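Visitor: Have a look at the structure that comes next, please.
The values are calculated or read from the model by the stated rules, or taken from the named source; none is laboratory data. No experiment lies behind these values; they were computed from the predicted model shown. Here the Cβ is made from the backbone with ideal geometry for all residues, glycine too, and neighbour counts use every protein chain on show.
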Amino acid sequence: MSIFSHHAYDKHEQVAFYQDAKSGLKAIIAVHNTNLGPSLGGCRMWPYADDGEALEDVLRLSRGMTYKSAMAGLKLGGGKSVIIGDPRKEKTPELLRAMGEFINTLGGRYITAEDSGTSVADMKVIGETTEFVSGLIEGSETGGDPSPSTAYGVFVGLKATAKHRWGRDDLKGLKVSIQGVGNVGFRLAKLLKEAGAEIFVTDIFQDNIDRAVNELGATAVGSDEIFDLDVDLFAPCAMGAILNDDTIARLKVGAIAGAANNQLAEERHAQVLREKGILYAPDYVINAGGIIDVYYQQQGNYDPAQVQEHIERIADTMQEIFQRAEETGETTAHVADRIAEERFGHEDAVKKTDSAAA
Ligand code: NAD
């Protein structure tokens, strides 16, 4: 298995591997870039088929965090960790404490938080052996869960998308389809409902669908039917790679704005969307509410009003991206990448100038 020449390596600063025989922990931490600050990103636990799959995942995810935090205007770099194992069967307090010890070996260059397969409760256990853990705030309404902030950020970004696409300031009567009404999707559906939108939902779990239908008056649709609906906007809030040749050909929407990470199956699909006249809200920009929340939790003086104000700036960033894409004829995804690179690359230049002067 190659590391430095791995196709997803992309100038990572550091990749660390760790094994603890006693607890059975096998984990990787990837630090992509720390130009703007220490790297922060979730700890994912997943039963990867092999080490190569785990490495690919952690490299891709940590790179994504650099871009996400830079775009969100946070003094954070990008990093991520993965624990190889089934969270339902192999997660023990010993294993989580060993993960904390692993995180300590990086001396604060990587700060962890919850992700797929780990919870706020797990972060508390990891926090027994390391201080470099976030998403633990006590006494807040959400107890450290970043999902409500993610949903609010998507809502704000969705409004900016509708404003650019249709020139409208409100969402009354806008037809929105939501794929996945879990932690983020359901909360987004609620905000949309309150704003007067008409909601269509799907999920692979019937109880999740029933909750949206019964509590919000949403219309339930089949999990495949969601791509053929005659609606205005599609909000993917389930899984990645959902915008591909098959689904894009079927979509009749004018815009896409949702929470899911890595929505484009391949980079070229941004261009396919553009040619079809579908305005795409880049995923890591619109779903940054969670990392913004976690950042303020990490700072130690969590002020909900300040967090909300920061999340609302997602709308300004979306506007900047849409405008630049229109002016240059580039895709919104490409414009977002360029702005993010300017931000964390620019800081690099500043750092070098500072150290040269010192
Ligand atoms: P979740 O697991 O709570 O919700 C996902 C929902 O999608 C579940 O209800 C699941 O049953 C459903 N689903 C899965 N496959 C589906 C399919 N094929 N068709 C329809 N429904 C399907 O996860 P979440 O925390 O709500 O996150 C949703 C997405 O947003 C994920 O891609 C996640 O990576 C991304 N995201 C989440 C956060 C956060 O703060 N939770 C932050 C940034 C990005």
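Visitor: Could you please give the count of residues in segment 180-208 that are of a type in the set (Phe, Trp, Tyr) and within 11 Å of the ligand (Cβ to nearest atom)?
Guide: So in segment 180-208, the residues of a type in the set (Phe, Trp, Tyr) come out as 186, 200, 205.
Within this subset, residues satisfying the condition of being within 11 Å of the ligand (Cβ to nearest atom) are 186, 205.
Residues flagged as of a type in the set (Phe, Trp, Tyr) and within 11 Å of the ligand (Cβ to nearest atom) within segment 180-208 amount to 2.
Visitor: Of all residues in segment 27-53, which are in a loop (DSSP other than H, G, I, E, B) and either more than 18 Å from SER134 (Cα to Cα) or in contact with an Asp or Glu (Cβ under 8 Å, 6 or more places away or on another chain) (or both)? Quick ask: steps written out before the conclusion?
Guide: The first filter runs over segment 27-53 and keeps only residues in a loop (DSSP other than H, G, I, E, B), leaving 34-38, 47-50.
THR34, ASN35, LEU36, PRO47, TYR48, ALA49, ASP50, listed by residue number.
Visitor: With respect to SER2, is the statement that it is of a type in the set (S, T, N, Q) and without any contact (Cβ under 8 Å) to a residue 60 or more places away in the chain true? Before you say what the answer is, go through the steps one by one.
Guide: Values: of a type in the set (S, T, N, Q): yes; without any contact (Cβ under 8 Å) to a residue 60 or more places away in the chain: yes.
The answer is yes for SER2.
Visitor: Take ALA70 and decide whether it is in contact with a Leu (Cβ under 8 Å, 6 or more places away or on another chain) and modelled with pLDDT of 95 or more.
Guide: Working: in contact with a Leu (Cβ under 8 Å, 6 or more places away or on another chain): yes; modelled with pLDDT of 95 or more: yes.
Against the criterion (in contact with a Leu (Cβ under 8 Å, 6 or more places away or on another chain) and modelled with pLDDT of 95 or more), ALA70 qualifies.
Visitor: Additional query: Every residue in segment 305-333 that is β-branched (Val, Ile, Thr) and within 16 Å of the ligand (Cβ to nearest atom), please.
Guide: Residues satisfying the conditions are VAL307, ILE311, ILE314, THR317.
Visitor: Here's something else I'd like to know. Look at TYR18 and say whether it is surrounded by 15 or more Cβ atoms within 10 Å (Cβ to Cβ), over 21 Å from the mean Cα position of the chain (by Cα) and not in a loop (DSSP other than H, G, I, E, B).
Guide: Details: surrounded by 15 or more Cβ atoms within 10 Å (Cβ to Cβ): yes; over 21 Å from the mean Cα position of the chain (by Cα): yes; not in a loop (DSSP other than H, G, I, E, B): yes.
Yes: the conditions hold for TYR18.
Visitor: Just a yes or no: is a residue in segment 107-117 more than 15 Å from the ligand (Cβ to nearest atom), under 28 Å from THR317 (Cβ atoms), under 21 Å from the mean Cα position of the chain (by Cα) and charged (D, E, K, R)?
Guide: yes
Visitor: Please verify whether segment 209-231 includes one or more residues that are in contact with a Gly (Cβ under 6 Å, 6 or more places away or on another chain) and either within 14 Å of the ligand (Cβ to nearest atom) or in the same structural domain as GLN323 (by TED's automatic domain parsing) (or both).
Guide: No, there is no match, as no residue in segment 209-231 is in contact with a Gly (Cβ under 6 Å, 6 or more places away or on another chain) and either within 14 Å of the ligand (Cβ to nearest atom) or in the same structural domain as GLN323 (by TED's automatic domain parsing) (or both).
Visitor: Quick one: would you say LYS11 is of a type outside the set (A, V, I, L, M, F, W, C) and at pLDDT 95 or above?
Guide: Numbers: of a type outside the set (A, V, I, L, M, F, W, C): yes; at pLDDT 95 or above: no.
Against the criterion (of a type outside the set (A, V, I, L, M, F, W, C) and at pLDDT 95 or above), LYS11 does not qualify.
Visitor: Find the residue count for segment 235-271, including only residues that are within 12 Å of the ligand (Cβ to nearest atom), of a type outside the set (A, V, I, L, M) and under 17 Å from LEU192 (Cβ atoms).
Guide: Going through segment 235-271, the residues within 12 Å of the ligand (Cβ to nearest atom) turn out to be 235-242, 247, 258-263.
Those left that are additionally of a type outside the set (A, V, I, L, M): 236-237, 240, 247, 258, 261-263.
Checking which are under 17 Å from LEU192 (Cβ atoms) leaves us with 236-237, 258.
The qualifying residues number 3.
Visitor: If I filter segment 291-304 for residues that are loosely packed, with under 15 Cβ neighbours inside 10 Å, at positive phi and either within 14 Å of the ligand (Cβ to nearest atom) or modelled with pLDDT under 95 (or both), do I get at least one hit?
Guide: From segment 291-304, those loosely packed, with under 15 Cβ neighbours inside 10 Å are 299-301, 303-304; that's our starting set.
So of that shortlist, the ones also at positive phi come out as 300.
Then drop every residue that is not either within 14 Å of the ligand (Cβ to nearest atom) or modelled with pLDDT under 95 (or both), which leaves 300.
Checked against the condition, which is being loosely packed, with under 15 Cβ neighbours inside 10 Å, at positive phi and either within 14 Å of the ligand (Cβ to nearest atom) or modelled with pLDDT under 95 (or both), segment 291-304 yields at least one hit.
Visitor: Test of understanding: among LEU74, LEU59, which residue is part of a helix (DSSP H, G or I) and out of contact with any Ser or Thr (no Cβ under 7 Å at 6 or more places or on another chain)? Show your work before the answer.
Guide: Working: LEU74 fails: part of a helix (DSSP H, G or I).
So the residue among LEU74, LEU59 that is part of a helix (DSSP H, G or I) and out of contact with any Ser or Thr (no Cβ under 7 Å at 6 or more places or on another chain) is LEU59.
Visitor: Could I ask something else about it? Against the conditions (1) among the hydroxyl-bearing types (Ser, Thr, Tyr); (2) under 20 Å from TYR284 (Cβ atoms); (3) outside the structural domain of GLN179 (by TED's automatic domain parsing), where does THR105 fall short? Just the number, please.
Guide: (2)
Visitor: In this structure, does GLN19 turn out to be farther than 23 Å from ASN287 by Cα, of a type in the set (S, T, N, Q) and touching a residue at least 24 places away in the same chain (Cβ under 8 Å)? Walk me through how you get there before you give the answer.
Guide: Details: farther than 23 Å from ASN287 by Cα: yes; of a type in the set (S, T, N, Q): yes; touching a residue at least 24 places away in the same chain (Cβ under 8 Å): no.
No: the conditions fail for GLN19.
Visitor: While we're on this one: Filter segment 180-233 for residues that are more than 25 Å from GLY290 (Cα to Cα) and among the polar types (S, T, N, Q) and give the result.
Guide: Across segment 180-233, the qualifying residues are GLN206, ASN214, THR219, SER223.
Visitor: Now a separate question. Within segment 261-287, how many residues turn out to be under 19 Å from LEU59 (Cα atoms), part of a loop (DSSP other than H, G, I, E, B) and in contact (Cβ under 8 Å) with a residue 40 or more places away in the chain?
Guide: Looking only at that region, the number is 3.
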